[in-house]
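One structure below.
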Amino acid sequence: MNNFKLPSLPEVADIWQQTLHWTPTVQQQVQFQRLYEFILEGNRQLNLTRITDPQEFWEKHLWDSLRGITSLLRDGGVGGENTSPSSLTSPTPLSFIDIGTGAGFPGIPVAIAVADSTVTLLDSTRKKIAFLEKIGAELDLTNVKTLTGRAEEVGQHPQHRQSYDVALIRAVGTASVCAEYTLPLLKQGGLAIIYRGNWTEEETKALESAVHQLGGIIESIEKFTTPFSHSIRHCLYLRKVATTPSQFPRPVGVPSQKPL
């Protein structure tokens, strides 16, 4: 008989509250734990993540995912301090798309935390999408949709272009590539949230030109420190203020080969 017990995530309601001014419900904690267990299991067949230690998983996958939408958790707005919550709150729930979701981050934690939203998980690897569909069913995440494809192609598809309130992107290419992937998918007034590690003033200047070409502005850049490892992280918030020209995103491979 197999008595192997899967490790448990740390119970850190106080840290959630102190850092994000939000605490998961009992049900959300259970969903986070089951997500963790499914990822550990899925890692045997698929290369999903190298982060398997419970504390590290909590910090780098769960906490980090939700840190990007902290003001939405607090007050119904999305983004940095200068964000006007009213521009992203409406009678209908917010629609998110998570581009290059991989193992489901940040999209699945966002779907768990903001249950009245819809979250589309986009990845080009069919096996990963099939795995995420299984997780969504097991966790009863009726607000999660999946999409197999490349961001360059999806961004030109009438069903998806200018269709989302918030676009999330983490660990995918340079910031200008992320901007080209996200902004075409956003409605007017929508927000792209780009998750980064280190970030410099020079990078901000370089990004401004690309974002302008895509019909956006850099609304705010938040620098923060993670609770356990005290790593420096950044979230870039890009607001869509004008229609993205029809040539963007450019064909598959071009944004990364010839960044704006």
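The values are calculated or read from the model by the stated rules, or taken from the named source; none is laboratory data. Please read these numbers as outputs of a predicted model, since none were measured by experiment. Please note: Cβ atoms are built from the backbone with ideal geometry, for glycine as well, and neighbour counts cover all protein chains shown.
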**OP:** Can you confirm whether the range 160-180 contains a residue that is β-branched (Val, Ile, Thr) and at pLDDT below 95?
**Re:** yes
**OP:** Examine the range 101-116 for a residue that is modelled with pLDDT of 95 or more, surrounded by fewer than 20 Cβ atoms within 10 Å (Cβ to Cβ) and under 13 Å from the mean Cα position of the chain (by Cα), and state whether such a residue exists.
**Re:** no
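Return the total of residues in the range 119-159 being in a loop (DSSP other than H, G, I, E, B), within 20 Å of residue 34 (Cβ to Cβ) and touching a Leu at 6+ places or on another chain (Cβ under 6 Å).
Looking only at that region, the number is 0.
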**OP:** Check 256, 229, 246 and return the single one that is within 23 Å of residue 103 (Cβ to Cβ) and at pLDDT 95 or above.
**Re:** 229
**OP:** Quickly run through the range 48-74 and pick out the residues that are closer than 24 Å to residue 5 by Cβ and of a type in the set (Ser, Thr, Tyr).
**Re:** 49, 52
Original post:
Of the residues that make up the range 155-166, is at least one within 26 Å of residue 248 (Cβ to Cβ), surrounded by 16 or more Cβ atoms within 10 Å (Cβ to Cβ) and acidic (Asp, Glu)?
Top reply: yes
Original post:
Which fully enclosed helices (runs of 4 or more DSSP H) of the range 1-74 have 1 or more residues being closer than 22 Å to residue 132 by Cβ and over 19 Å from the mean Cα position of the chain (by Cα)?
Top reply: 26-42, 54-57
**OP:** Can you work out which of the residues in the range 209-240 that are charged (D, E, K, R) and surrounded by 23 or more Cβ atoms within 10 Å (Cβ to Cβ) is nearest to residue 185 (Cα to Cα)?
**Re:** 240
Subject >> Scan of the range 16-45 for residues that are of a type in the set (Phe, Trp, Tyr) and either surrounded by fewer than 15 Cβ atoms within 10 Å (Cβ to Cβ) or touching a helix residue (DSSP H, G or I) at 6+ places or on another chain (Cβ under 7 Å) (or both), ordered by number >> reply: 22, 32, 36, 38
